[in-house]
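Okay, structure first, notes after.
The values are calculated or read from the model by the stated rules, or taken from the named source; none is laboratory data. Model, not experiment: these values are computed from the prediction. Note that we place each Cβ from the backbone using ideal geometry, even for glycine, and neighbour counts take in every protein chain shown.
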């Protein structure tokens with residue numbers, strides 16, 4: 001398992017952000033040499049965990065829980081065939097393009113070491129937005145991406161460090177529950193009956209997700225079961 005590329009983006013104008021400034025940092029490109037990764041701070045004020053990577057919509061992106069976004073090269077290859085077009089590393093706005101790692105099968109709270117020092121913890125799945133759809137410029141992209149349920153993972157920084165393309169990735173810890181990135185995504189999108197199951201992940205859940213799961217459980221009184 002390794003880090004195929006480390007990707008950063010600079011703020012650029014876009015007609016698809018829905019923000020007054022009309023800027024986005026989704027257009028990420030592989031970086032040359034080492035890149036420092038640290039905790040960017042609270043959501044709403046902190047940006048990307050990668051030094052030199054711009055986050056323009058701080059309300060929905062960046063911050064401690066979304067310091068790094070990882071997506072597997074294997075999934076990009078699948079989408080290349082599906083869309084019949086080349087997709088470079090960073091095309092989906094991911095900071096880390098991985099190889100040999102089951103990103104969507106990772107458990108919430110799972111910890112990875114990347115390179116010699118950096119330690120990350122899986123916190124949530126990515127939810128597609130209009131900026132992502134606009135950047136990719138594919139018809140009904142949000143619907144298609146959602147149906148595929150291979151969203152990639154957001155991670156927080158447990159121990160800061162510098163990384164570069166080619167660094168090894170090791171899974172340091174896997175929690176005892178079975179709540180994966182893919183399950184988190186499906187619960188928030190097309191399979192809402194899975195929401196209460198997310199509570200099995202414990203404190204790694206965001207307050208927003210916990211509230212949604214508890215509200216669903218209170219209303220429906222059951223926990224759906226599903227695989228990855």
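Here is a check on your reading of the model: is residue 27 closer than 20 Å to residue 108 by Cβ, touching a helix residue (DSSP H, G or I) at 6+ places or on another chain (Cβ under 9 Å) and in contact (Cβ under 8 Å) with a residue 60 or more places away in the chain? No; evaluated as a whole, the condition is false for this residue.
Results for (1) within 24 Å of residue 99 (Cα to Cα); (2) modelled with pLDDT of 95 or more; (3) assigned to a loop (DSSP other than H, G, I, E, B); (4) under 17 Å from the mean Cα position of the chain (by Cα), shown as yes or no for each residue.
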position: 26; (1), (2), (3), (4): yes, no, yes, yes
position: 47; (1), (2), (3), (4): no, no, yes, yes
position: 55; (1), (2), (3), (4): no, no, yes, yes
position: 58; (1), (2), (3), (4): no, no, yes, yes
position: 62; (1), (2), (3), (4): yes, no, yes, yes
position: 65; (1), (2), (3), (4): yes, yes, no, yes
position: 70; (1), (2), (3), (4): yes, yes, no, yes
position: 76; (1), (2), (3), (4): yes, yes, no, yes
position: 81; (1), (2), (3), (4): yes, yes, no, no
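The condition (being over 22 Å from residue 53 (Cβ atoms), surrounded by fewer than 20 Cβ atoms within 10 Å (Cβ to Cβ) and touching a residue at least 40 places away in the same chain (Cβ under 8 Å)) is satisfied by just one residue among 147, 133: 147. Assess whether residue 165 counts as being part of a helix (DSSP H, G or I) and surrounded by 18 or more Cβ atoms within 10 Å (Cβ to Cβ). Answer is no for this residue. Pairs are defined by a Cβ separation below 9 Å, a sequence spacing of at least 6 or placement on different chains, a first member in segment 57-81 that is on the phi > 0 side of the Ramachandran plot and surrounded by 15 or more Cβ atoms within 10 Å (Cβ to Cβ), and a second member that is part of a strand (DSSP E or B) and modelled with pLDDT of 95 or more; the pairs so defined are 63/156. Considering segment 100-127, and only residues there that are surrounded by 19 or more Cβ atoms within 10 Å (Cβ to Cβ) and under 11 Å from the mean Cα position of the chain (by Cα), the residue that is nearest to residue 65 (Cα to Cα) turns out to be 123.
Would it be correct to say that residue 168 is farther than 21 Å from residue 57 by Cβ, in contact (Cβ under 8 Å) with a residue 24 or more places away in the chain and more than 13 Å from the chain's Cα centre (by Cα)? Yes; evaluated as a whole, the condition is true for this residue. Scanning segment 101-139 for residues that are in a loop (DSSP other than H, G, I, E, B) and at pLDDT below 95 gives 127, 128, 129, 137, 138, 139. Count of segment 203-214 residues, restricted to those that are under 26 Å from residue 117 (Cα atoms) and either in a strand (DSSP E or B) or out of contact with any strand residue (DSSP E or B) (no Cβ under 7 Å at 6 or more places or on another chain) (or both), is 2. Scanning segment 179-197 for residues that are in contact (Cβ under 8 Å) with a residue 40 or more places away in the chain and either loosely packed, with under 15 Cβ neighbours inside 10 Å or assigned to a helix (DSSP H, G or I) (or both) turns up 181, 182, 183, 184, 185, 186, 188, 190. Only one of the numbered conditions (1) in contact with a helix residue (DSSP H, G or I) (Cβ under 8 Å, 6 or more places away or on another chain); (2) within 26 Å of residue 24 (Cα to Cα); (3) in contact (Cβ under 8 Å) with a residue 12 or more places away in the chain is not met by residue 109, and that is (2).
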